[in-house]
């Protein structure tokens, strides 16, 4: 089977890795300000009014239905958030303004190159290369049908120019979801020789567990130093 000239393969990945800021894994800051369950419930109600994840889980959001999300599995909220919190002004390679995706890689070195690239671009826009960010490994397994771009490294959606490549990648991802494909396997653009996986459905993200922590430090130059791994 081909989708827009890209083959569909059936494959199982026993362990993929995603790097996320440890700030996203900590308890909410406001929870430290409450003394009892009633106050915490009030805070939860306030969060619910503005949380894209909670809105997606209760009524859905544009591009994401509640029945697509996962419940009663480890890190369900974290999985759902990765699909509910898209960036309208900053689409990614295989997801647009109204729906996120779970991006991972087969090796942590690939993840480090990917997150370093995007954080460096953010700091460049801010005009100052000074930051310290800790990232935690989040492992998951995945299986099923995938679009396989590994044999097409020159595919236009894998170009380094975000303005031209990302819209093509979004179109390809939409076609993949429309054909019940779980994700896209592709060569890393930021880490030569690395392999990335974009999971397009929350249910495709299986057996999530946390791993080690890495600290990336930008100390005045675009290239960060990497400290880790250390236990999370």
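Which of 231, 87 comes first, and how do the rest follow, when ranked by fewest Cβ neighbours within 10 Å?
231, 87
Which log10 I(q)/I(0) values does the stretch 111-232 give at q = 0.10, 0.16, 0.18, 0.23 Å⁻¹ under the Debye formula, counting every alpha carbon as one identical point scatterer?
-0.39, -0.95, -1.11, -1.29
Rounded to the nearest 5, what % of DSSP beta bridges with both residues in the stretch 139-232 are antiparallel?
Taking every DSSP beta bridge with both residues in the stretch 139-232, the antiparallel ones total about 80 percent.
If you average the alpha carbon positions of the stretch 1-15 and of the stretch 134-207, how far apart do those two centres end up, in angstrom?
10 Å
Where does each of 119, 138 land when they are ranked from fewest to most other beta-carbon atoms within 10 angstrom?
119, 138
Rounded to two decimals, what is Rg over Rh for the stretch 68-142 when you use alpha-carbon atoms and the Kirkwood radius?
For the stretch 68-142, the value is 0.99.
Please arrange 71, 135 by counting, for each residue, the other beta carbons lying within 10 Å of its beta carbon, fewest first.
Exposure proxy ranking, most exposed first: 71, 135.
Using the beta-carbon distance between residue 11 and residue 77 and R0 = 25 Å, what value does 1/(1 + (r/R0)^6) give for FRET efficiency, to the nearest 0.05? Walk me through the intermediate numbers first.
Values: r = 27 Å, r/R0 = 1.10.
Efficiency computed from Cβ-Cβ geometry: 0.35.
Computed from the coordinates by the stated procedures, all read-outs in this text should not be read as laboratory data. It should be emphasised that the depicted structure is a prediction, and the values quoted were computed from it without experimental measurement. Cβ sites come from the backbone with ideal geometry, for glycine too, and all protein chains shown count toward neighbours.
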